[in-house]
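Student: Quick one: the structure is below, questions incoming.
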Amino acid sequence: MRSATPKVLHALGGRSMLGHAMAAARELDPAQLAVVVRHERELVAAAARKLDPAALVVDQDEVPGTGRAVQCALDALDIKAHAGRAAQLVHDDAVDDELHVDHANGGDHPLGDGLDGAVVVLAGDIPLLDGATLGELLAAHHADGNAVTILTTEVADATGYGRIVREEGTGDVLAIVEHKDASDAQREIREINSSVYVFDAAVLRRGLGGLGTDNAQGEVYLTDVVASARAEGGAVRALLSDDPMLVEGVNDRVALATLGAELNRRVLEGWMRAGVTVVDPATTWVDVDVELAEDVTLLPGTQLQGATTVATGATVGPDTTLRDVEVGAGASVVRTHGSLAVIGDGASVGPFAYLRPNTVLGANGKIGTFVEVKNSDIGAGSKVPHLSYVGDTTIGEQSNIGAASVTVNYDGVAKHRTVIGSFARTGADNMFVAPVTVGDGAYTAAGSVIVKDVPAGSLGVARAQQRNVDGWVERRWPDTPSAQAAAAARTEEAASPTPLGRQAQRQLAEHNALTGAVPTVPPAGAQAPGSGSENRTDDSSAADTEGNTQR
């Protein structure tokens, strides 16, 4: 793979190749699952234990070959079986009698040979193999009473694979011959070994005991057990799969990409047949652990990763990537990147939203355009429509957060929380410097920096009084285009018989033309109503002068 990452830890479909192999094996509900490790042992062992803490991790020694790998595993499994039987004997108070057997005079081992029954062996680099196929192989093994049962398939080009040599007439397997050891005639065979087997434990134990390294690669071949099983008179048969991709191996990144695309195609086909609309399968990627309900729609450019779930009627995409996100029924998620978040039923997210971990959006809520949310709960029906950052915040129900708002949660050392109540309305361009609370039903004025709590039902205002400095541009930047435009506007206003500007005059003319009204022009120098020159000191007038508190 030309990688610092061990081959079996490379991923496709949101799961490592080792993870795919272990998941398929677990579908058989085995008495014990063993994982043999050698190359980059610590990394692979840690991954195996994380995937399945009950798995037995077995170290292969420096002797190479698949046969040696299985031999190490079987030895470890035999030891565990002996330990289990010894514990049972102690429990039954019969251990003393059992242990008095005279081994020197040919007595049986008091704890038996070790593991018995069927042993399933599979490789860690065939990621499309599924539990259903393994189940069919195991069922065939038991039904036929085989000593060994091999999963095989036919390919157009068998170069590099072990060939299945069958007996004429019966079709039983005579041998598996590795490519380097095969004759010219054997290399013409298209049926190949998949490296997936079921062995009778006793047959496997005896066969492994006689293995050597007398072959072109100097390895201990597991395939040699087939010959020893036949020599004992056991039945060796093969189950031929008509789907070569199920047992296709990965040896480089080209094969990894090829099988990744094939796995995704199969996943999408399964979901489409289950009632999911995938508008463009070529640009839609869904991991194997994702769960989708009926009538979900996935638009082009959608990637659903990890443990993401999407409920019925929801639409995701286009151009959306979600990892470990829960999307509620009927929700819409457009051009959004999210992880470890919850989107409620009927909620709307995006376009161009970023949901960071621990974001929870309530039912029918909205996280809009260019909004980033982190570690925050946004209640049912509440909206953060655009151009805002909400971090470490709790927002109640049916509240509206004005454009360009920021919850200032970090003081340089620690994070603090902002709380905004239900039915609150916050103004555009607000800064909420945490820790701070805005009560239920409260308003905040546009452009405010809120550093103190705003009680329920109150208006929070925190901004400087506006002051206009007349003629500043012409004095500070004379002869610039801005100064020239300002001077022209002053000249035009002085010559105009009305204090109305050009835009206001045009709108007035259009209004009069539509209504047939006789134009009424206020005398020059008169102030238009509501021009803001009156002294207002009562609470209602003060609230009016703050202008709109939201958009």
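The values are calculated or read from the model by the stated rules, or taken from the named source; none is laboratory data. These numbers were taken from a predicted model, which means no experiment stands behind them. Glycine also receives a Cβ, built like all others from the backbone with ideal geometry; neighbour counts cover every protein chain displayed. The area values use the complete protein model at the heavy-atom level, side chains included, leaving out ligands, DNA and RNA. Shrake-Rupley method; radii C 1.70, N 1.55, O 1.52, S 1.80 Å.
Student: Identify, by number, the condition in (1) more than 16 Å from residue 308 (Cβ to Cβ); (2) open to solvent by 40 Å² or more (accessible area, probe 1.4 Å); (3) in contact with an Asp or Glu (Cβ under 7 Å, 6 or more places away or on another chain) that residue 342 doesn't meet.
Tutor: Tallying (1) more than 16 Å from residue 308 (Cβ to Cβ); (2) open to solvent by 40 Å² or more (accessible area, probe 1.4 Å); (3) in contact with an Asp or Glu (Cβ under 7 Å, 6 or more places away or on another chain), residue 342 fails exactly one: (1).
Student: So which of 153, 170, 223 ends up being polar (S, T, N, Q) and over 44 Å from the mean Cα position of the chain (by Cα)?
Tutor: 170
Student: Take residue 130 and tell me if it is modelled with pLDDT of 90 or more, more than 39 Å from the chain's Cα centre (by Cα), within 30 Å of residue 182 (Cβ to Cβ) and surrounded by 12 or more Cβ atoms within 10 Å (Cβ to Cβ).
Tutor: Considered against the rule, which asks whether it is modelled with pLDDT of 90 or more, more than 39 Å from the chain's Cα centre (by Cα), within 30 Å of residue 182 (Cβ to Cβ) and surrounded by 12 or more Cβ atoms within 10 Å (Cβ to Cβ), residue 130 comes out as no.
Student: Can you confirm whether residue 74 is under 19 Å from residue 205 (Cα atoms) and buried (at least 16 other Cβ atoms within 10 Å of the Cβ)?
Tutor: So residue 74 passes the test.
Student: Name the single residue that is surrounded by the most Cβ atoms within 10 Å (Cβ to Cβ) among those in the stretch 282-329 being part of a strand (DSSP E or B) and acidic (Asp, Glu).
Tutor: 326
Student: Any idea how many residues of the stretch 145-164 are open to solvent by 20 Å² or more (accessible area, probe 1.4 Å) and either under 30 Å from residue 82 (Cβ atoms) or touching an Asp or Glu at 6+ places or on another chain (Cβ under 8 Å) (or both)?
Tutor: Number satisfying all stated conditions: 2.
Student: Are there any pairs with C-beta distances below 7 angstrom linking a residue in the stretch 186-204 that is within 16 Å of residue 74 (Cα to Cα) and open to solvent by 20 Å² or more (accessible area, probe 1.4 Å) to a residue that is assigned to a loop (DSSP other than H, G, I, E, B) and of a type outside the set (Phe, Trp, Tyr), with the two at least 6 apart or on different chains, and if so which?
Tutor: Listed pairs, sorted by first residue: 200/147; 202/113; 202/116.
Student: If you take the residues of the stretch 167-178 that are at pLDDT 90 or above and not hydrophobic (A, V, I, L, M, F, W, C), which of them is most open to solvent (accessible area, probe 1.4 Å)?
Tutor: The residue in question is 168.
Student: Right, residue 43: farther than 16 Å from residue 124 by Cα, in contact (Cβ under 8 Å) with a residue 24 or more places away in the chain, out of contact with any Asp or Glu (no Cβ under 8 Å at 6 or more places or on another chain) and part of a helix (DSSP H, G or I) or not? Walk me through how you get there before you give the answer.
Tutor: Working: farther than 16 Å from residue 124 by Cα: no; in contact (Cβ under 8 Å) with a residue 24 or more places away in the chain: yes; out of contact with any Asp or Glu (no Cβ under 8 Å at 6 or more places or on another chain): yes; part of a helix (DSSP H, G or I): yes.
So residue 43 fails the test.
Student: Answer with yes or no whether residue 126 is among the β-branched types (Val, Ile, Thr) and part of a loop (DSSP other than H, G, I, E, B). Please lay out each step first, then the result.
Tutor: Numbers: among the β-branched types (Val, Ile, Thr): yes; part of a loop (DSSP other than H, G, I, E, B): yes.
Considered against the rule, which asks whether it is among the β-branched types (Val, Ile, Thr) and part of a loop (DSSP other than H, G, I, E, B), residue 126 comes out as yes.
Student: Any chance the stretch 249-266 includes a residue that's acidic (Asp, Glu), in contact with a Lys or Arg (Cβ under 9 Å, 6 or more places away or on another chain), surrounded by fewer than 16 Cβ atoms within 10 Å (Cβ to Cβ) and closer than 30 Å to residue 4 by Cβ? Quick ask: steps written out before the conclusion?
Tutor: In the first step, residues of the stretch 249-266 are kept if they are acidic (Asp, Glu); the result is 252, 262.
Going one step further and asking which of them are in contact with a Lys or Arg (Cβ under 9 Å, 6 or more places away or on another chain), we end up with 252.
Narrowing the set further to residues that are surrounded by fewer than 16 Cβ atoms within 10 Å (Cβ to Cβ) leaves 252.
Keeping just the survivors that are closer than 30 Å to residue 4 by Cβ gives 252.
Yes - at least one qualifying residue is present in the stretch 249-266.
Student: Please specify each residue of the stretch 456-465 satisfying the condition of being within 15 Å of residue 432 (Cβ to Cβ), open to solvent by less than 90 Å² (accessible area, probe 1.4 Å) and without any contact (Cβ under 8 Å) to a residue 40 or more places away in the chain.
Tutor: 458, 460, 462
Student: A further question on this structure: Hey, can you tell me all the residues within the stretch 371-389 that are over 16 Å from residue 344 (Cβ atoms) and over 22 Å from the mean Cα position of the chain (by Cα)?
Tutor: Within the stretch 371-389, 385, 386, 387, 388, 389 meet the criteria.
Student: Open to solvent by 80 Å² or more (accessible area, probe 1.4 Å), more than 33 Å from the chain's Cα centre (by Cα) and free of Cβ contacts under 8 Å to residues at least 40 places away in the same chain: is that true of residue 62 in this structure?
Tutor: yes
Student: So which residues in the stretch 415-426 are in a loop (DSSP other than H, G, I, E, B) and open to solvent by less than 50 Å² (accessible area, probe 1.4 Å)?
Tutor: 421, 422, 424
Student: Taking residue 403, is it modelled with pLDDT of 95 or more, surrounded by 19 or more Cβ atoms within 10 Å (Cβ to Cβ), over 34 Å from the mean Cα position of the chain (by Cα) and over 17 Å from residue 376 (Cβ atoms)?
Tutor: no
Residue by residue, here is whether (1) among the β-branched types (Val, Ile, Thr); (2) under 34 Å from the mean Cα position of the chain (by Cα); (3) in a loop (DSSP other than H, G, I, E, B); (4) surrounded by fewer than 18 Cβ atoms within 10 Å (Cβ to Cβ) holds:
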position	(1), (2), (3), (4)
413	yes, yes, yes, yes
428	no, no, yes, no
432	no, yes, no, no
437	yes, no, no, no
446	no, no, yes, no
467	no, no, yes, yes
479	no, no, yes, yes
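Student: So residue 21 fits all but one of (1) part of a helix (DSSP H, G or I); (2) open to solvent by 20 Å² or more (accessible area, probe 1.4 Å); (3) within 22 Å of residue 222 (Cβ to Cβ); what number is the exception?
Tutor: (2)
Listed here are the residues, each with its yes/no results for (1) of a type outside the set (Ser, Thr, Tyr); (2) outside any loop (DSSP other than H, G, I, E, B); (3) at pLDDT below 60.
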residue: 462; (1), (2), (3): yes, no, no
residue: 488; (1), (2), (3): yes, yes, no
residue: 492; (1), (2), (3): yes, yes, no
residue: 503; (1), (2), (3): yes, yes, no
residue: 506; (1), (2), (3): yes, yes, no
residue: 514; (1), (2), (3): yes, yes, no
residue: 522; (1), (2), (3): yes, no, yes
residue: 535; (1), (2), (3): yes, no, yes
residue: 544; (1), (2), (3): yes, yes, yes
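Student: Go through the stretch 227-250 and give me each residue that's of a type outside the set (D, E, K, R) and touching a helix residue (DSSP H, G or I) at 6+ places or on another chain (Cβ under 8 Å).
Tutor: 228, 229, 234, 235, 236, 239, 241, 245, 246, 249, 250 - these are the residues of the stretch 227-250 that are of a type outside the set (D, E, K, R) and touching a helix residue (DSSP H, G or I) at 6+ places or on another chain (Cβ under 8 Å).
Student: Check whether at least one residue in the stretch 439-446 is in contact with a Leu (Cβ under 9 Å, 6 or more places away or on another chain) and without any contact (Cβ under 8 Å) to a residue 40 or more places away in the chain, and report yes or no.
Tutor: Yes, the stretch 439-446 has at least one match.
Student: Checking the condition farther than 23 Å from residue 64 by Cβ, free of Cβ contacts under 8 Å to residues at least 60 places away in the same chain and among the hydroxyl-bearing types (Ser, Thr, Tyr), which residue from 170, 159 passes?
Tutor: Of 170, 159, the one residue that is farther than 23 Å from residue 64 by Cβ, free of Cβ contacts under 8 Å to residues at least 60 places away in the same chain and among the hydroxyl-bearing types (Ser, Thr, Tyr) is 170.
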